[in-house]
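K.L.:
Here it is, the structure, as structure tokens.
Rule-based calculations on the coordinates, nothing more; no lab input. Nothing here was measured: the structure is a model prediction, and the numbers come from that model. A quick note on method: Cβ atoms are made from the backbone with ideal geometry, for glycine too, and the neighbour counts reach across all protein chains shown.
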Amino acid sequence: AQTVTQSQPEMSVQEAETVTLSCTYDTSESDYYLFWYKQPPSRQMILVIRQEAYKQQNATENRFSVNFQKAAKSFSLKISDSQLGDAAMYFCAYRSAKGGGYRASGTYKYIFGTGTRLKVLA
Amino acid sequence: GAVVSQHPSWVICKSGTSVKIECRSLDFQATTMFWYRQFPKQSLMLMATSNEGSKATYEQGVEKDKFLINHASLTLSTLTVTSAHPEDSSFYICSARGTAIYYGYTFGSGTRLTVV
């Protein structure tokens with residue numbers, strides 16, 4: 001079974017600085033997706049960034065980028081130029097890419113980490 | 001972008017009554033809906049997965065008769081908490097997968113249930 005581990009329950013960063021959130025995972029699959037979700041106080045889950053395992057290039061979305069190390073099964077999130085609005089819970093998630101077709105099964109469910117609470121200091 | 005509307009956003013009910021939570025995909029067809037429960041300061045716990053027109057698949061430890069899931073159409077899935085008790089008080093979130101090859105699922109805004 002796949003597992004996702006976020007070893008940092010809480011992190012703090014000064015506004016405009018850079019912070020890196022860690023995520024490691026365990027899987028025997030070779031094809032999968034990895035995600036970072038943000039959950040602000042409103043509790044709406046917001047997709048921050050995604051990475052396909054078959055892509056060697058690290059994904060980037062504006063101030064957010066990942067360091068994907070497939071062999072090490074590591075998927076860290078770097079937030080540059082941190083803003084007050086970045087304060088939230090961040091969840092790392094794994095999803096199998098196995099199979100396909102119209103009907104999804106439990107194979108397609110997310111495996112979430114326990115989350116990291118990010119505080120941004122003014 | 002894909003939107004999932006979840007209602008109600010919060011509900012208070014008396015112990016012993018049932019509560020229904022709805023999730024609607026507004027601009028895409030949700031072939032699969034995932035229902036989660038989240039306790040304060042914790043991660044999302046998957047309760048069940050439902051495919052349109054099929055019976056839901058429940059995770060181990062989740063009571064099927066207490067948490068009834070219906071996914072009768074490609075745009076609507078419901079979670080009914082039957083005979084609710086205070087220990088069912090929690091935050092419930094749905095997440096939808098479309099027919100296209102989406103890389104990320106769309107989450108509803110969540111429902112805070114308080115049973116008194």
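K.L.:
Quick one: what are the phi-derived ³J(HN,Hα) couplings along segment B:45-52, Karplus 6.51/-1.76/1.60 with θ = phi - 60°, whole Hz, x for glycine and proline?
P.N.:
Taking θ as phi minus 60°, the curve returns 10, 5, 9, 6, 10, 10, 9, 3 Hz for segment B:45-52.
K.L.:
While we're looking at this one, here's another question. For the protein assembly as shown, just the Cα set please: Rg and Dmax, both in angstrom.
P.N.:
For the protein assembly as shown, the Cα radius of gyration and maximum Cα-Cα distance read 17.9, 53 Å.
K.L.:
Can you tell me which aspartates and glutamates have their Cα less than 20 Å from the Cα of B:LYS41? Leave out same-chain residues fewer than eight positions away.
P.N.:
In chain and number order, the partners are A:GLU10, A:ASP86, B:GLU87, B:ASP88.
K.L.:
A follow-up question, please. Mind giving me the FRET efficiency for A:GLN57 and A:SER7? R0 is 25 Å, r the Cβ-Cβ distance, nearest 0.05 is fine.
P.N.:
Plugging the Cβ-Cβ distance into 1/(1 + (r/R0)^6) gives 0.50.
K.L.:
For a quick check: sort B:ARG97, B:ARG112 by the number of other beta carbons within 10 angstrom, fewest at the front.
P.N.:
Exposure proxy ranking, most exposed first: B:ARG112, B:ARG97.
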